[in-house]
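This report refers to the structure that appears directly beneath it.
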Amino acid sequence: MTDGISRRELLRKAGLGGAVFIGGSVLGHTVQHRADAAEGDYANPGLVGHSTMHEAGEGHLYGDIYTPPKELGPGALDAHTFPPPPDGLPPGSAREVEITVEERLIEVGSGAYIEAWTYGGTVPAAIIRATEGDTLHVRLRNNTGKPHNIHFHGSPLPEHDGWEPVPPGGETTYEILAGPAGVHPYHCHTAPLAEHIARGLYGMMIVDPPGGRSPATEIALLLSGFSNDEMGRNAIVAWNGVAGFYQHHPIKVPSGGPVRLYLVNMLEHEPMASFHLHAETFDVYPGGMGNSPASREDTLLLGMAQRAMLEFTLPTIGRYMFHPHQHWLAERGAMGWFAAI
């Protein structure tokens, strides 16, 4: 039973009312896998979901312990992968944003489910985009049986910082002055904070400088995980909410063209994560801020809620792997590819 809503109701809302499930515990909330899926057979028996082998006895493909749900096609994560473009409104515009907190049963890997708390029904939440100096009126409605809120990173006024809980059935409006220009996470800040984030209450906000940025193919990647009581760390790790998605559906970018990557680490229960790009290096703008890069790297270390804007070019046609350089994380769903075409 999930607080305030039965499992049967969760399944009905997810359109899965006739499926058969067996349960495992993840941070006190339920991760489930289909009864017809193979059991996790990695070294730790506490894993949930199922694993993929290349041939019997040969072990796992790198990063392929969790594969994406079979129902998801190549474009299923486009709204999270490709940020909405700037809308052309003049700097200093007022923007209205509506967000509801909703409970959902979400498949985070093939056969692996989480009883999630969500902003707007997805994990991660929708990307918010604004220009530095814009005023955002963010109306939050809490449609769950527990208190929640939204805390925006960046420079909000202290009275709109978002630490005060919004009660079940309640609502509030935050007035956020967008800035500084860069990339900023937003997330629930209600205790116990680790559980609220681990259940899925986080998203990304991109703030453009008033003059905009140079043309580029823009990509957004948010790293998060889903933990397991027996393991005490993340059993499933995902870019943009689905384990293994970009291994099976590479992100297509033009070869020889500029790429701008907005990168956020929202991975609970890990002291550090990283981003490593194979066969190329990238310019690093910490926090997405500043007019010139701070360094040129091929691996970037990120603590919890740290973020960066990376710019690079993939010079030749081919596949370029990316993943955290903590292989524990990469092997559990966070390995992917850029396909330069």
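Data table
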| item | result |
| --- | --- |
| Of all residues making up the range 311-336, the number that are assigned to a loop (DSSP other than H, G, I, E, B) and either charged (D, E, K, R) or under 18 Å from the mean Cα position of the chain (by Cα) (or both) | 4 |
| Qualifying position, being closer than 30 Å to residue 260 by Cβ and either modelled with pLDDT under 95 or surrounded by fewer than 21 Cβ atoms within 10 Å (Cβ to Cβ) (or both), among 40, 63, 59 | 63 |
| Conditions (1) in contact (Cβ under 8 Å) with a residue 40 or more places away in the chain; (2) under 19 Å from residue 223 (Cα atoms); number of the one not met by residue 151 | (1) |
| Residues of the range 93-120 satisfying the condition of being farther than 23 Å from residue 193 by Cα and either at pLDDT 95 or above or charged (D, E, K, R) (or both) | 93, 94, 95, 96, 97 |
| First in the range 321-336 and farther than 13 Å from residue 236 by Cβ, second anywhere and in a helix (DSSP H, G or I) and among the hydrophobic types (A, V, I, L, M, F, W, C), Cβ under 8 Å, 6 or more apart | 323/329; 323/330; 323/334; 324/330; 324/334; 336/245 |
| Residue count, the range 191-207 (criterion: surrounded by fewer than 21 Cβ atoms within 10 Å (Cβ to Cβ) and at pLDDT 95 or above) | 0 |
| Qualifying residue in the range 205-214 (condition: in a strand (DSSP E or B) and out of contact with any Ser or Thr (no Cβ under 9 Å at 6 or more places or on another chain)) | yes |
| Residue 166 being farther than 23 Å from residue 221 by Cα, buried (at least 19 other Cβ atoms within 10 Å of the Cβ), among the β-branched types (Val, Ile, Thr) and not assigned by TED's automatic domain parsing to the domain that holds residue 304 | yes |
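Conditions (1) surrounded by 17 or more Cβ atoms within 10 Å (Cβ to Cβ); (2) at pLDDT 95 or above, marked per residue:
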{"position": "235", "(1), (2)": "yes, no"}
{"position": "240", "(1), (2)": "yes, yes"}
{"position": "245", "(1), (2)": "yes, yes"}
{"position": "250", "(1), (2)": "yes, yes"}
{"position": "256", "(1), (2)": "no, yes"}
{"position": "260", "(1), (2)": "yes, yes"}
{"position": "266", "(1), (2)": "yes, yes"}
{"position": "288", "(1), (2)": "yes, yes"}
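The values are calculated or read from the model by the stated rules, or taken from the named source; none is laboratory data. Not measured: the values here are computed from a predicted model. When we count neighbours, we look across all protein chains shown, and the Cβ atoms used for this are built from the backbone with ideal geometry, even at glycine.
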